[in-house]
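Asker: First the structure, which I've put down as structure tokens, then a few questions once you've had a look.
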Amino acid sequence: MRKRHALVISLLVILNLGSVGAQSMKGHTEAEPLSNSPGDPARGRAIVASRQSGLCLLCHSGPFPEERFQGNLAPELGMSAANLSAPELRARIMDPSRFNPNTIMPSYYRDDHLYRVAAKFKGQTILSGQEIEDVVAYLVSLNNQNPK
Ligand code: HEC
């Protein structure tokens, strides 16, 4: 009898923790733009496709007919952007580990809690604030192209 109680209680604790986690994931947003000038979707598209800066296509695929090699480790970008607002997209690109601590996606706007960073990259983020805004504008434009 005792054992069964313990099992029920631990199941309740697990279920409860699960739902708290899910709520905070959904709710987290970054409302403040990271640059003074608004994001530019065309520049954002170039950053997403770039093999030097964004590298998004290493893992994601998207509407880039000119790019032969695209990733299959992550959802298609149109699907990733679907139903996410600019503040939600910004938060996910700045620091995806807030939503999934085990994610393989890099935190594009974070310079703390990093280890063994080469001296010339210390204190820098992967993308600048303006570049993040450009990428967000591009992802929002994907959403507008495919209204769900
Ligand atoms: C190393 C692989 C990798 C790279 C590079 C990467 N992502 Fe992701 N991304 C993922 C994975 C995997 C997920 C799914 C959620 C998770 O596992 O954390 C994801 C999730 C997302 C999400 C959240 C919505 C969703 O589908 O869960 C967005 C938006 C996103 N990525 C955009 C981008 C953009 C824009 C870039 C480039 C600036 C990028 N990603 C680069 C792997 C990557």
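Read-outs throughout are calculated quantities, based only on the coordinates presented, and are distinct from any laboratory measurement. Small disclaimer: the values here were computed from a predicted structure and weren't measured. All Cβ positions, even for glycine, are placed from backbone atoms using ideal geometry, and neighbour counts span all protein chains on display.
Asker: With a point put 7 Å past each Cα toward its Cβ, work out how far SER128 is from SER35 in nm, to one decimal.
Answerer: Result: 0.7 nm between the two label points.
Asker: Under a crude label model (7 Å from the Cα following the beta-carbon direction), how far is ARG110 from ALA46 in nanometres?
Answerer: Going from the ARG110 label point to the ALA46 one covers 2.9 nm.
Asker: Oh, and also: Give me the one-decimal nm value for the distance between modelled label points at ARG98 and ARG68, 7 Å along each residue's Cα-to-Cβ direction.
Answerer: Distance between label points: 3.9 nm.
Asker: Separate question: Identify the trypsin sites (Lys or Arg not before Pro) of the stretch 81-146 meeting these criteria: DSSP loop state and at most 15 other C-beta atoms within 10 Å of the C-beta. Please list the in-between numbers first.
Answerer: Working: sites: ARG90, ARG92, ARG98, ARG110, ARG116, LYS120, LYS122; in loops: ARG110, ARG116, LYS122.
Answer by residue number: ARG110, ARG116, LYS122.
Asker: For an R0 of 35 angstrom, estimate the FRET efficiency from the Cβ-Cβ distance between LYS120 and HIS28 and round to the nearest 0.05.
Answerer: Details: r = 32 Å, r/R0 = 0.90.
With R0 = 35 Å, the Cβ-Cβ based efficiency is 0.65.
Asker: Taking Rh as the Kirkwood radius computed over C-alpha pairs, what is the Stokes-Einstein D of the stretch 54-140 at 20 °C in a medium of viscosity 1.002 mPa s, expressed in µm² per second? Mind dumping the intermediate values first?
Answerer: Numbers: Rh = 13.9 Å.
Result for D is 154 µm²/s.
Asker: Then there's this: What residues qualify as long-range amide H neighbours of GLY62, i.e. H under 5 Å apart, gap of 5 or more or another chain, H built at 1.01 Å from N?
Answerer: LEU77
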